[in-house]
Amino acid sequence: MVKHLDFATFTSKSNRLLIKTAVTLDVANRKKTNKTSIHMKKVLFIQLFITSLFINAQSFSPQKIINQIDIDRAESVYAVDIDGDGDMDVLSASFYDDKIAWYENTDGNGTFGNQQVITVDADGARSVYATDIDGDGDMDVLSASLYDNKIAWYENIDGNGTFGSQQVITTDVNYPRFVYATDIDSDGDMDVLFASFPDGKIAWYENTDGNGTFGSQQVIDTGYNLFVYAADIDGDGDMDILSSSDHYNITWYENIDGIGTFGSEQIITTDVEQPLYVYAADIDGDGDMDVLSASLDDDKIAWYENTDGNGIFGSQQVITTNTDGAISVFATDIDGDGDMDVLSASEYDNKIAWYENTDGNGTFGNQQVITTNTDGAKSVFASDIDGDGDMDVLSASLFDDKIAWYENLGTLSINENTLLNFTVYPTVAENTLFIKSKKEITKIEIYSEIGQLMKVTMENQIDISNLTQGLYLVKVEDDSGNFGVKKVVKN
């Protein structure tokens, strides 16, 4: 069967420039003077040196290729500890070879082994995700594939990355684009969500026994939806649903009763042209979930403030339009200063970039390009790949068939001298964390490895029994605004 690329891949705006002007540094416009002193030259040198330090305060390594040989059109990348050894491995979905695969982080420093194929029975693989589906403490894998209309999962049989055969959740879907998992019905296990097009469906499946037996399809909406994500939008403790629609809007749906009965569509914005990706994170540091979007036809990365913590959103706040074909967005703390920065992937300019949250309130700096060495950038993700405590970046790109990562070389923060010293123990915990600090603590925040705020407290004894297994970041702040961040592992 000849496979045709989907509409979103080739959609382009009218009057798109075929050749873009290269940006160069103009050093020719200097004033001539006969009074330049040695002192002024020294001042200029110092200023340039300081500027250089700030420019390079957060830098990334050149692209490190994980795989470009055994992939045919890389669509999706995700990082998680597949083999249970405490470091981040990498998953990929590739379209033309129908493949879901993973790559072992062999030394915990970002050296990856050969591709390990989970399945080639995903016809037009578009999306990959990992979570503990069967409740046995290791990471299983989910996939969405376009041409066989399939949502499926694969059991991590031994916890070391040996996967069982494909277990089909449903084929009652038309061209599924994205798959995601969360606890929709608040019963402690992972249920499954998907978005599909052109039937425009977002729906979920209950994990009926906690072991990966799924119930019937429960449709949330059929409104031309392209992407689905889950977060607690209204702060009531259950998972609501976010979606992007080909009808040019970003919407959310309230989980009314906490067990998966959803309300009607609530529009966040209509000021987007072909939104392809949505994400939720606490952008302004007020403890609730704000929303991010990437939209292809207006080249826009934007965010929307959850103004009351209950799902009333403010107007669109544009982070950038300096992306040609914005197709993916992600939020995490790139520069280690305790707030959420933003990452983007844009397809037509082959760009992976990030934007600093300069004040922790959602004021973003200029675009900082990580790479343009991706031919058709499609997916961006962040995780601590090399185990050094900061967030590295991953990408999947379509036309060069590439899964790659970029090491975060920058310092934790330009305010590193004000970091708060504290102790968190045990560093590998099952149910309870303890915080010890010589200074009075005013706030403790726990973030997931992908930067999602999971818990806020002032207590120095923290119940983490409801968190899933994995890596977490603990941020502690004192009454002077000094803070520290440390890693822990939830067993």
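Hey, among ILE118, ILE151, which residue is under 28 Å from ASP183 (Cβ atoms) and open to solvent by less than 10 Å² (accessible area, probe 1.4 Å)?
Of ILE118, ILE151, the one residue that is under 28 Å from ASP183 (Cβ atoms) and open to solvent by less than 10 Å² (accessible area, probe 1.4 Å) is ILE151.
Could you look through region 182-208, keep only residues that are assigned to a strand (DSSP E or B) and of a type in the set (Asp, Glu), and pick out the one that is nearest to the chain's Cα centre (by Cα)?
ASP191
One residue is enough: does region 308-321 have a residue meeting the conditions buried (at least 23 other Cβ atoms within 10 Å of the Cβ) and either out of contact with any Lys or Arg (no Cβ under 9 Å at 6 or more places or on another chain) or over 24 Å from SER59 (Cβ atoms) (or both)?
Checked region 308-321: no residue is buried (at least 23 other Cβ atoms within 10 Å of the Cβ) and either out of contact with any Lys or Arg (no Cβ under 9 Å at 6 or more places or on another chain) or over 24 Å from SER59 (Cβ atoms) (or both).
Taking ASP221 as the residue in question, decide whether it is among the charged types (D, E, K, R), part of a loop (DSSP other than H, G, I, E, B), at negative phi and in contact (Cβ under 8 Å) with a residue 12 or more places away in the chain.
no
May I ask you to list pairs of residues, at least six apart or on different chains, whose Cβ atoms are under 6 Å apart, with the first in region 259-285 being without any contact (Cβ under 8 Å) to a residue 24 or more places away in the chain and the second being open to solvent by 10 Å² or more (accessible area, probe 1.4 Å) and charged (D, E, K, R)?
Qualifying pairs under 6 Å: GLY263/GLU254.
Looking at ASP339, ASP388 in this structure, which one is more than 18 Å from the chain's Cα centre (by Cα) and open to solvent by 10 Å² or more (accessible area, probe 1.4 Å)?
Answer to the check: ASP388.
Kindly establish whether THR442 is in a strand (DSSP E or B) and either under 18 Å from the mean Cα position of the chain (by Cα) or over 19 Å from ALA429 (Cβ atoms) (or both).
yes
Of the conditions (1) surrounded by 19 or more Cβ atoms within 10 Å (Cβ to Cβ); (2) part of a loop (DSSP other than H, G, I, E, B), ASP136 fails just one. Which one is it?
Result: ASP136 fails condition (1) only.
Report, by residue number, each residue of region 425-470 that is aliphatic (A, V, I, L, M) and open to solvent by 50 Å² or more (accessible area, probe 1.4 Å).
Correct list: VAL428, MET454, VAL456, MET458.
Could you run through region 217-227 and say how many residues are in contact with a Phe, Trp or Tyr (Cβ under 9 Å, 6 or more places away or on another chain), open to solvent by 60 Å² or more (accessible area, probe 1.4 Å) and more than 18 Å from ASP183 (Cβ to Cβ)?
Matching residues across region 217-227 total 2.
I'd like the residue in region 407-426 that is β-branched (Val, Ile, Thr) and at pLDDT below 75 and, out of all such residues, is nearest to the chain's Cα centre (by Cα).
Filtering first and then ranking leaves THR411.
Restricting to region 445-457, what's the tally of residues that are at pLDDT 85 or above and not in a strand (DSSP E or B)?
Here the count works out to 0.
Any residue in region 172-183 that is farther than 12 Å from SER145 by Cα sitting within a Cβ distance under 7 Å of a residue that is hydroxyl-bearing (Ser, Thr, Tyr) and buried (at least 19 other Cβ atoms within 10 Å of the Cβ)? List the pairs, counting only those 6 or more apart or interchain.
Cβ pairs passing all conditions: TYR180/TYR129; TYR180/TYR229; ALA181/TYR129; ALA181/THR131.
Of everything in region 300-323, what is without any contact (Cβ under 8 Å) to a residue 60 or more places away in the chain and not in a strand (DSSP E or B)? Give them in sequence order.
Matches in region 300-323: GLU305, THR307, ASP308, ILE312, GLY314, SER315, GLN316, THR321, ASN322, THR323.
Within region 228-259, how many residues turn out to be at pLDDT below 95 and open to solvent by 10 Å² or more (accessible area, probe 1.4 Å)?
4
With the structure loaded, tell me whether SER127 is of a type in the set (S, T, N, Q) and over 27 Å from VAL369 (Cα atoms) or whether it fails that test.
No, not satisfied.
For residues that are of a type in the set (Val, Ile, Thr) and more than 15 Å from the chain's Cα centre (by Cα), scanning just region 169-181, find the one that is surrounded by the fewest Cβ atoms within 10 Å (Cβ to Cβ).
Across region 169-181, the extreme among qualifying residues is THR171.
For region 239-274, how many residues meet the condition of being more than 21 Å from the chain's Cα centre (by Cα), part of a strand (DSSP E or B) and closer than 21 Å to LEU453 by Cβ?
Here the count works out to 1.
The values are calculated or read from the model by the stated rules, or taken from the named source; none is laboratory data. Bear in mind that the values here come from a model prediction, so they are computed numbers and not experimental data. Heads up, the Cβs are rebuilt from the backbone with ideal geometry, glycines too, and the neighbour counts pull from every protein chain shown. Each accessible area value is taken on the protein alone, full model and side chains, heavy atoms only, with ligands, DNA and RNA left out. Shrake-Rupley method; radii C 1.70, N 1.55, O 1.52, S 1.80 Å.
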